[in-house]
Amino acid sequence: MPGAAPRRRILALALPLLPAERLTRAASRPDAETPLLLVASDRGRQIIRAANQAALAQGLTPGLALADARAAVPDVAVAPFDPDGDAACLDWLARGATRWSPLVRPCPPHGLLIDITGCAHLFGGEASLVADAVTRLARLGFTVQPALAATPAAAMALARFGGVRVDDLPLAALSELESVQQALRRAGLRRVGEVARLPRSAIASRFGEALVAALDQLLQATPEPLNPLLPAAPVAAQRRFAQPVASHEAVRAGLQKLLLAVQVKLTALGQGGRRFALALYRADGHVAEVAVETAAPQRDVAVLLRLFDERIAALNDPLDPGFGYDLMRLAVPDTAPLAEAQLGLDGGALAETQLTALVDRLSARLGRGRLQRLARADSHIPEQASFLAALGEPAADWPRPDPGEPPARPIRLFDPPQPIEVLAEVPDGPPRRFRWRARVHDVTAHEGPERIAAQWWRRKDGAGLTRDYWRVEDGEGRRYWLFRHGLYERETAAPRWYIHGLFA
């Protein structure tokens, strides 16, 4: 049907030997012909958790004790099992797999899921895309089992168990729990297709709703989100190279063309970018990532190219092209409306633009978090009413003070408030004299109180002490911000006083 949405296609790449092959890639490890066992301690025994193909061919499978394995095959290499290292390697491979689609998710313990819907034609079809993925991973030293399906669960199950049809998959594809598999086998079931022919109500009553949900996902009857590692950007562009490029000039020229392509898309949408992320895909699978952020929506190519130049020059770990980059992708994950504007005769807009450009250049050179400003927070507690935010990030505007009126609160506060000794006319009255830092101050003028209730909803007991703030001035004209912590005889028998800030 014309205009119909493309059929969803998920590519699953199972990496069954990833733990062993990850170590084999290191120069200090044995070659692939030597049996390699990865072991972990379990109740005082060393148990095999993973093995390479040479060890599996000799019957040394996961779950076997290391002592039994050495008795059968004495000449084996042994290394500790490192699931954290495997997870980090899987994430690294997932970032490299974004060359085929931006929607990629690692599938622990040893798999990748790639949503290639609408992407296959860029590689000459699904078969060519799969072949390219298998070839590139094989060059990195990994054994790959690919499969295609309409849901992530079905694709990964077909890849792991090497099947063509979901109905022919073993019971382990439905559940990894041995108790569930035994119960299904006792019922005379051996394949997923045999379970699928049973009434759903009977499966749910005997084996639980979780098994029914897993069955529907395998049969591609229930939509299943992929939850990619990186969110898809609304605007993106990419360039492929027939021969990998390694020079800085070639990379910069490619980036300029990507910025021009992104500019055209943003202009058509009436948008500007707040963040521009460049990914450089190296021929050996490594992905270098460089990103710049702007204080205001931006799509000017010259400005963005200068920001990338300064960001790349300021990198602690300089870009290493190695054998060259064969793919460059520029994504704009954060966009905002940006209309065409004309500068006024007074030059005010020009000055604001120059300030924004200065903020962008300093942020690209020093880092986004190095330039900060006070931003307003939605809290009535004084010390929580503001926070430090990166300069240029959107935030709520501060209320403008009334002209001619003194500020209601100091700009800078003591953290924490400093205790003081106060003499007041009555326990709940204004302060008349206070001692701070061994010096006595006589209050000649005061204004208040400004009563601030405690955050009782954050406390388990639903209580808290009330603060009464006073703006006071001493005989030398200095102004202070004091508060009494607790209401006399209603919340505490002895309220304490603090100084929270100084007025300029």
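The values are calculated or read from the model by the stated rules, or taken from the named source; none is laboratory data. As the structure is a computational prediction, the values presented were derived from the model and not from experiment. Please note: Cβ atoms are built from the backbone with ideal geometry, for glycine as well, and neighbour counts cover all protein chains shown. Surface accessibility is based on the protein's heavy atoms, side chains included, excluding ligands, DNA and RNA. Shrake-Rupley method; radii C 1.70, N 1.55, O 1.52, S 1.80 Å.
How big, in percent, is the set of alpha carbon pairs in segment 1-158 lying more than 21 Å apart?
For segment 1-158, the fraction of Cα-Cα distances above 21 Å is 51 percent.
Counting each DSSP H run of 4 or more residues in the chain as -39500 (n - 2.57), what helix-only mean residue ellipticity at 222 nm follows after dividing by all residues, to the nearest 500 deg cm²/dmol?
-8500 deg cm²/dmol
Using the Cα atoms of segment 182-238 to build a convex hull, what is its mean projected area in square nanometres?
Seen from a random direction, the Cα hull of segment 182-238 projects 6.3 nm² on average.
Express in Å², to the nearest 10, the accessible area of I203 obtained by rolling a 1.4 Å probe over the protein heavy atoms while all chains stay in place.
0
Taking only the C-alpha atoms, wrap a convex hull around segment 62-140 and report its volume per residue in Å³ as a whole number.
126
Sum up the charges of everything whose Cβ sits under 11 Å from the Cβ of T335, counting Lys and Arg as +1 and Asp and Glu as -1, but leave T335 out.
+3
Beyond 24 Å, what share of the Cα-Cα pairs of segment 207-352 is found? Please give it as a whole percent.
In whole percent, the long-distance tail amounts to 47.
Put F81, F276, F323, F503 in order of accessible area, largest first, 1.4 Å probe: what do you get?
So, going from the largest accessible area down, we get F323, F81, F503, F276.
Beyond 14 Å, what share of the Cα-Cα pairs of segment 140-180 is found? Please give it as a whole percent.
Counting every Cα pair in segment 140-180, those more than 14 Å apart make up 48 percent.
Using a 1.4 angstrom probe on the protein heavy atoms only, could you order D91, D461 from most to least accessible area?
Sorted descending by solvent-accessible area, the residues read D461, D91.
Can you pull a Stokes-Einstein diffusion coefficient for segment 238-307 at 25 °C (0.890 mPa s), Rh from Kirkwood over Cα pairs, as a whole number of µm²/s?
The Stokes-Einstein estimate is 188 µm²/s.
Need the full-extension length gain, L315 to A246, defined as separation in residues times 0.36 nm minus the C-alpha distance. One decimal, nm.
23.1 nm
Show D317, D216 ordered by accessible area, largest first, where the area counts protein heavy atoms only and the probe is 1.4 Å.
D317, D216
Compute the long axis of helix 152-161 from its Cα atoms, compare it with the longest principal axis of the Cα atoms of the chain, and write down the angle in degrees, 0 to 90, nearest 10.
40
Send over a whole-number figure in Å² for the accessible area per residue of segment 428-467, probe 1.4 Å.
Per-residue value: 70 Å².
Please compute the net charge surrounding R439, taking Lys and Arg as +1 and Asp and Glu as -1 over other residues with Cβ under 13 Å from its Cβ.
Taking every other residue near R439 into account, the sum is 0.
No solvent, one uniform scatterer per C-alpha: report log10 I(q)/I(0) for segment 68-190 via the Debye equation at q = 0.19, 0.21, 0.22 1/Å, two decimals.
Debye curve over Cα of segment 68-190, log10 I(q)/I(0) at q = 0.19, 0.21, 0.22 Å⁻¹: -1.11, -1.21, -1.26.
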